[in-house]
Structures are given as structure tokens and as C-alpha cells.
Amino acid sequence: MNSHPIPASDAFAGPVPDQPSLSLAAPSLAEYFADNAGDGAVTAFIFQQLHAVIASGKPVLWVQDRMSQREAGKPYPPGLPEDLKMILVTVNRPVDALWAMEEGLHSDAIGAVLGEVWGDPAALDFTATKRLAMRSEARGIPALLIRRAAHPNLSAARQRWNISSLPSRPDPDDDRAPGEPLWQADLFRARGRAPGQWVAGPGAQGATLEHHVRMDLGPDAPGQDADDASRAAG
């Protein structure tokens with residue numbers, strides 16, 4: 001889970017315009033991985049992407065399998081967005097989590113469906129992800145799947161991210177205290193766009209994505225100045 005090889009055909013080969021859709025959850029299936037299965041950066045990044053859903057007042061259906069809940073913990077409301085409306089469902093098996101996610105996507109009252117599945121269960125195959133992606137797109141409801149302690153096996157997810165924590169920004173009022181959080185956000189597979197790597201953080205209208213890295217040439221490639229390439233995609 002420390003690296004994801006990118007085919008040459010997918011490599012980013014030049015500057016890109018601001019891409020707001022990357023910072024907000026799209027009505028399709030996206031998967032999120034982490035190097036550390038207990039890293040809270042994944043959840044934080046996802047709820048920044050759900051900014052528009054939270055602002056709409058519609059609830060987020062959050063489905064956890066037992067192993068994910070045992071290893072990563074239950075949602076902690078004080079650490080979540082203040083205006084978030086949440087429906088929490090806990091199930092015993094990954095197959096039940098996938099079923100609950102798909103059923104949730106049938107409801108127009110739901111703003112988004114978030115699932116957590118531990119490891120690489122047999123039930124989470126290409127067919128299962130294809131069903132979620134097609135249902136999400138048909139209903140216009142984002143489906144987001146956290147893959148803890150998992151490998152990026154074959155999937156129909158339209159976006160696949162690897163998210164990890166970075167040292168926070170300094171506090172503007174106390175240089176000994178942490179400020180706003182920062183995350184390493186690597187989009188290692190995507191349909192219809194090039195992959196890339198960003199330093200991400202919270203923004204007023206969703207996640208901000210800054211310091212875009214050209215994955216074919218690396219951050220030190222000629223003409224790739226990190227400050228000049230900085231982009232806020234919120």
C-alpha cells in the first residue's frame with residue numbers, strides 16, 4: 001500500500017486547470033485506501049469531499065462492517081462536521097455492508113452513501129463495485145468506500161485514492177500548537193482524468209488540492225515549480 005505503479009499511458013504530462021470535481025464527491029463510486037489502516041486522514045478527507053451534501057441537509061448513510069468498527073472505531077460526532085446528519089449502520093459481514101450501501105442508493109432522501117469494509121473479502125469483487133458504481137450514477141448519489149487494510153484489486157470505482165496524514169500547518173497564534181490538518185492525497189486511478197498527487201487540506205467549499213505533482217516526471221521536473229502549480233480545487 002506504500003506505492004501504486006501508474007501505467008505510462010495514464011501519466012500526467014503537463015499543467016492542468018483547476019479541477020473542482022476532485023475536491024467534491026461525484027455521483028459515482030470512489031474508493032479510499034490508507035497506508036495505516038487506523039489513519040483518520042481518510043475520513044477527514046472524505047467529509048471535506050462531502051461538503052455539498054452536508055450543506056444540502058440530506059443525511060449521509062454510513063455503513064461499517066464489524067471489523068472496520070473494531071479496528072478503526074465508531075464515528076465520533078465531536079470530530080465530524082457540525083452540520084452533518086448521519087445514519088449509522090453496523091453489519092457483521094462485508095457482503096452485508098455492500099448490500100446496505102446498494103439499498104441506500106435507492107433512496108432519494110439520502111445525500112451520500114459511505115461504506116467501510118475491512119481487508120479484501122471475496123464479496124468485494126469487480127461485479128460488486130460495478131453494481132455500486134452503476135447504481136450511484138443512475139441515482140445521482142455519491143458512493144464512497146473506505147478500504148482499510150486492503151489492496152487495490154480489480155474494481156469498477158471511477159476514482160481510487162490513497163490518503164495519509166501529513167504534519168499540520170503551524171497555528172497562526174501559537175507556533176507550538178498544531179494548526180489546520182494536511183493530508184497526502186494520491187489519485188492513483190481515475191476514469192476520464194489523469195492521476196496525480198496533492199497536498200490536501202480543509203477549505204470553505206470542500207477539500208483544497210495544492211502543489212500538484214507530475215507523476216510521470218516527479219516534483220523536480222523542469223518547469224514544475226510547486227508554488228506556481230499550487231491549485232485550490234475547493
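The values are calculated or read from the model by the stated rules, or taken from the named source; none is laboratory data. On a predicted model such as this, the values are computed, not experimentally measured, just so you know. Quick reminder, even Gly has a Cβ in these numbers, built from the backbone with ideal geometry, and neighbours come from all protein chains shown. The protein model used for the area step is the full one, side chains on, heavy atoms only, and it has no ligands, DNA or RNA in it. Shrake-Rupley method; radii C 1.70, N 1.55, O 1.52, S 1.80 Å.
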Quiz prompt | Residue match in region 154-166 (condition: in a loop (DSSP other than H, G, I, E, B), at pLDDT 90 or above, more than 17 Å from the chain's Cα centre (by Cα) and farther than 23 Å from Asp120 by Cβ) | solution = no
Exercise. May I ask you to say which residue of Ala41, Ala52, Ala34, Ala26 is in contact with a Ser or Thr (Cβ under 8 Å, 6 or more places away or on another chain), farther than 15 Å from Gly115 by Cα and surrounded by 14 or more Cβ atoms within 10 Å (Cβ to Cβ)?
Key: Ala41
Practice problem: Answer yes or no: is there a residue in region 123-139 that is of a type in the set (Val, Ile, Thr) and in contact with a helix residue (DSSP H, G or I) (Cβ under 6 Å, 6 or more places away or on another chain). | Solution: no
Practice problem: Filter region 187-205 down to the residues that are buried (at least 22 other Cβ atoms within 10 Å of the Cβ) and under 12 Å from the mean Cα position of the chain (by Cα), then identify the one that is nearest to Ala55 (Cα to Cα). | Solution: Ala200
Quiz item: Taking Ala156, is it of a type in the set (Gly, Ala, Ser) and crowded, with 22+ Cβ neighbours inside 10 Å?
Solution: no
Practice problem: Take Gln184 and decide whether it is of a type in the set (S, T, N, Q), at pLDDT 85 or above, part of a loop (DSSP other than H, G, I, E, B) and surrounded by fewer than 20 Cβ atoms within 10 Å (Cβ to Cβ). | Solution: no
Quiz prompt | Asp83 being under 20 Å from Leu24 (Cα atoms) and either assigned to a helix (DSSP H, G or I) or open to solvent by 70 Å² or more (accessible area, probe 1.4 Å) (or both) | solution = yes
Quiz item: In region 86-124, which residue that is under 19 Å from the mean Cα position of the chain (by Cα) and assigned to a loop (DSSP other than H, G, I, E, B) is nearest to Asp39 (Cα to Cα)?
Solution: Gly119
Exercise. Starting from region 132-155, keep only residues that are more than 21 Å from Val53 (Cβ to Cβ), then list their pairs with residues that are of a type in the set (D, E, K, R) and open to solvent by less than 20 Å² (accessible area, probe 1.4 Å) whose Cβ atoms are within a distance under 7 Å, requiring at least 6 positions of separation or different chains.
Key: Arg148/Glu116; Pro152/Arg160; Ser155/Glu31
Exercise. For region 62-74, name all the residues that are of a type outside the set (S, T, N, Q) and crowded, with 17+ Cβ neighbours inside 10 Å.
Key: Trp62, Val63, Asp65, Met67, Ala72
Quiz item: Of everything in region 131-150 that's out of contact with any Phe, Trp or Tyr (no Cβ under 8 Å at 6 or more places or on another chain) and in a loop (DSSP other than H, G, I, E, B), which residue is surrounded by the fewest Cβ atoms within 10 Å (Cβ to Cβ)?
Solution: Gly140
